[in-house]
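Since the structure comes first, as C-alpha cells, the remarks are kept for the end.
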Amino acid sequence: MIISMNRVKLLAIIAAIVVIPLICIGLVNYSLKTTSVPTGKTAAEPADTSSNTVVSPPLTEVQESGFLAEYRMERERVRSKEMSLLREISSNSTASAKAREAANLKLVSLADREEKEMQAEAMIKSQGFQDCAVVVTDTNISVMVESGNLAAVQQEAIKKTVGVATGNTGKSISVVKLQP
C-alpha cells in the first residue's frame, strides 16, 4: 500500500487544528490555578458562592507585570499559527473540496471570534477596568478582569456588555476576577 504524502500532511494539519485549541484551553486553566502568594501579601479571599465570579489567588510578581497581556500575546501567536495552517489547507489544490471548504469555514469562525473578543475587551476597558481578556468558545465566554474589588453590580454590567458585544446570553458568560 502506498501512502500519499499529501494525505499525511493533510492529516497532520487537521490534527494540529484540533490540538492547538486544546493546548490553549489547558494553558488558561493552568494559569488560573496559580497557588503561589507573593511576599508580603495575604492569601486569597474566599470565593463568592452567590455568583459566577471565581476569585483567584494573588498573582506572582512576574504575572503582575502583565498576565493578561501575556495571555493575549500567546493567544494571538496560537491563533496565527492555526490560521496559517487553515490558509494552507484552503489554498492547497491537492486537498479535497470538503477539506478546503471546512478550512475556509474555520477561518471565518476564527476571525469572528477574534473580532468579538476584541470588541468585548474594549467595551469592558471603557467601563474603567484596568485590564481584561475575553475568551470566546462555541459553548461559553470567559472574561478575566483585573480588579481589586468586583461587586455583583459590576459583574452583571460586564456580563451585559459582553453579551452585547458577542450576541450571547448572560448564562453562558462567566467572570473571573484577577487580583491586581
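The values are calculated or read from the model by the stated rules, or taken from the named source; none is laboratory data. Bear in mind that the values here come from a model prediction, so they are computed numbers and not experimental data. Please note: Cβ atoms are built from the backbone with ideal geometry, for glycine as well, and neighbour counts cover all protein chains shown.
Count of region 110-155 residues, restricted to those that are of a type in the set (D, E, K, R), in contact with a strand residue (DSSP E or B) (Cβ under 9 Å, 6 or more places away or on another chain) and assigned to a helix (DSSP H, G or I), is 7. Here VAL164 fulfils each of the conditions (1) more than 30 Å from ILE14 (Cβ to Cβ); (2) in contact with a strand residue (DSSP E or B) (Cβ under 7 Å, 6 or more places away or on another chain) apart from (2).
The C-beta contact set for region 64-88 (first residue surrounded by fewer than 16 Cβ atoms within 10 Å (Cβ to Cβ), second residue modelled with pLDDT of 90 or more, distance under 8 angstrom, 6+ apart or interchain) comprises ARG87/ALA103; ARG87/LEU107. Exposed (fewer than 13 other Cβ atoms within 10 Å of the Cβ), small (Gly, Ala, Ser) and farther than 29 Å from ALA151 by Cβ: is that true of ALA97 in this structure? So ALA97 fits the description; yes.
Inside region 132-180, can you point out the residues that are over 22 Å from ARG113 (Cα atoms) and in contact with a Gly (Cβ under 6 Å, 6 or more places away or on another chain)? Of everything in region 132-180, just one residue is over 22 Å from ARG113 (Cα atoms) and in contact with a Gly (Cβ under 6 Å, 6 or more places away or on another chain), namely PRO180.
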